[in-house]
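**Q** Mind having a look at this structure? Questions to follow.
The values are calculated or read from the model by the stated rules, or taken from the named source; none is laboratory data. Just so you know, these numbers come straight off a predicted model, no measurement behind them. Please note: Cβ atoms are built from the backbone with ideal geometry, for glycine as well, and neighbour counts cover all protein chains shown. Side chains are part of the model used for accessible areas, which takes the heavy atoms of the whole protein and leaves out ligands, DNA and RNA. Shrake-Rupley method; radii C 1.70, N 1.55, O 1.52, S 1.80 Å.
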Amino acid sequence: MEGMGEGIGAQATDITALGHEVFQVDTRMAGYDGITAGYLIRAGRPCLVETGTAPSAPVVRDALAQLGIGPRDLATVVVTHIHLDHAGGVGDIAAMFPAAQIVVHQRGARHLADPSRLMASARLVYGDALDRLFGVLAPVPAERIVALDDHGIVDLGGGRRLDSHYSPGHAKHHVGLVDSDTGDLYVGDAAGVYLPETGDLRPATPPPDFDLDTALASLRTFAGLQPARLLFSHYGPVTPVSETLDRSAEEITVWVEETRQARMAGLDLDHAVAMVRERTKERYAAFNPDVDPAIAEKFDRVSGAAANVGGIMHWLDKTEPR
């Protein structure tokens, strides 16, 4: 994500009922609304999918309390991957809900037990803004971490479960999660970033893990699961599943093609970002002059051109040497 200033239009915690005891919680990342969603599945074994950042943990705790989930009631916390906007609050949430198991793909498990390397890397990227944007990921006791293989099951009680499906491309520690009761697929960042205000969909291709072939394969995996609905961490539910996954693949491909052209022209990263931003902006209603500029600002904040182009450049440097 690109830098953020003060929050726009701060509100009380926003909880949206999505049916079948699924509730979307706005984690109020950095004081903004509609940036990162957490999802409570209020099943026999209540489960939280995504925690948001460390400063979001009290917001999430209070939302769960409003939904009747107290400190001893939460059975499981699952994160789709360990990026700080999704899992930065997992250590704090683990402390607030001491009975909950913490579930993550095996490639991310050690970083939740000892976040020092992850936080050091994040500080190199964000500098002094790290504390304001994401806070500090607190360690999770190793004995409470459940590490998923490429396919795994999270028991929600009463025969209901989440089936996890390894979906790297955005990140090597990424999983998608399918609710056996609803058919909902929690897509994390593997299908990109959805902007509910305009219906725009933009790729999420940050360094260092982005890989085009792997990302497209993950989208094919998602399509093969035939989910009933996509639940985006950024942001919210989407029902036209096939069209959305096709659009996600198209967006990733377009951004790779544009970034490749900029690189072949010998442009440095800053100039490549400017070129790609200019060539792709007409794809998104958020940048229409008639749309509130705050919407475009939020879209760039959630899926910044610099992060996307930087991740693609990093992948091209590895796979297509100059």
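**Q** Based on Cα positions only, what radius of gyration and what Dmax would you give for the range 25-77, in angstroms?
**A** My reading of the Cα-based Rg and Dmax gives 10.5, 32 Å.
**Q** Provide the per-residue ³J(HN,Hα) series for the range 242-257, in order, calculated from phi with Karplus coefficients 6.51, -1.76, 1.60 and θ = phi - 60°, each as a whole number of Hz, with x at glycine and proline positions.
**A** Each residue's phi maps through the Karplus curve to give 4, 4, 5, 5, 4, 5, 4, 4, 4, 5, 4, 5, 4, 5, 5, 4 Hz.
**Q** Given the C-alpha atoms of the range 63-113, compute the convex hull and give its volume per residue in Å³. Intermediate values should be presented prior to the final figure.
**A** Values: hull volume 3.8 nm³, N = 51.
Measuring per residue, one finds 75 Å³ for the Cα hull of the range 63-113.
**Q** Test of understanding: in a Gaussian network model of the chain with alpha carbons linked when under 10 Å, which of 248, 164, 180 would top the mean-square fluctuation ranking?
**A** For the chain, modelled as a Gaussian network with Cα springs under 10 Å, the answer is 180.
**Q** Here is a follow-up. Is any residue of the range 171-203 close enough, with backbone N under 17 Å, to a label point placed 7 angstrom from the Cα of residue 253 along the Cα-Cβ axis, and if so, which?
**A** Inside the label zone: 191-192, 201-203.
**Q** Relative contact order for the chain: what is it in percent, counting Cα pairs under 8 Å that are at least 6 residues apart? Walk me through the intermediate numbers first.
**A** Details: 678 pairs, mean separation 47.8, N = 322.
Relative contact order comes out at 15 percent.
**Q** Assuming R0 = 51 Å, can you tell me the calculated FRET efficiency for the pair residue 243 and residue 142, based on Cβ-Cβ distance, to the nearest 0.05? Intermediate results must be reported in sequence, preceding the final value.
**A** Numbers: r = 42 Å, r/R0 = 0.83.
Between residue 243 and residue 142 the formula returns 0.75.
**Q** Separate question: If you take every DSSP beta bridge fully contained in the chain, what fraction is antiparallel? Give it as a percent rounded to 5. Can you show the working numbers first?
**A** Numbers: 31 of 45 bridges.
Approximately 70 percent, going by the DSSP bridge assignments.
**Q** Note down the accessible area of residue 118, probe 1.4 Å, to the nearest 10 Å².
**A** The accessible area of residue 118 comes to roughly 40 Å².
**Q** Top mean-square fluctuation among 264, 96, 119, Gaussian network model of the chain, C-alpha springs under 10 Å?
**A** 264
**Q** Using alpha carbons only, how many angstrom separate the centre of the range 134-202 from the centre of the range 222-283?
**A** 20
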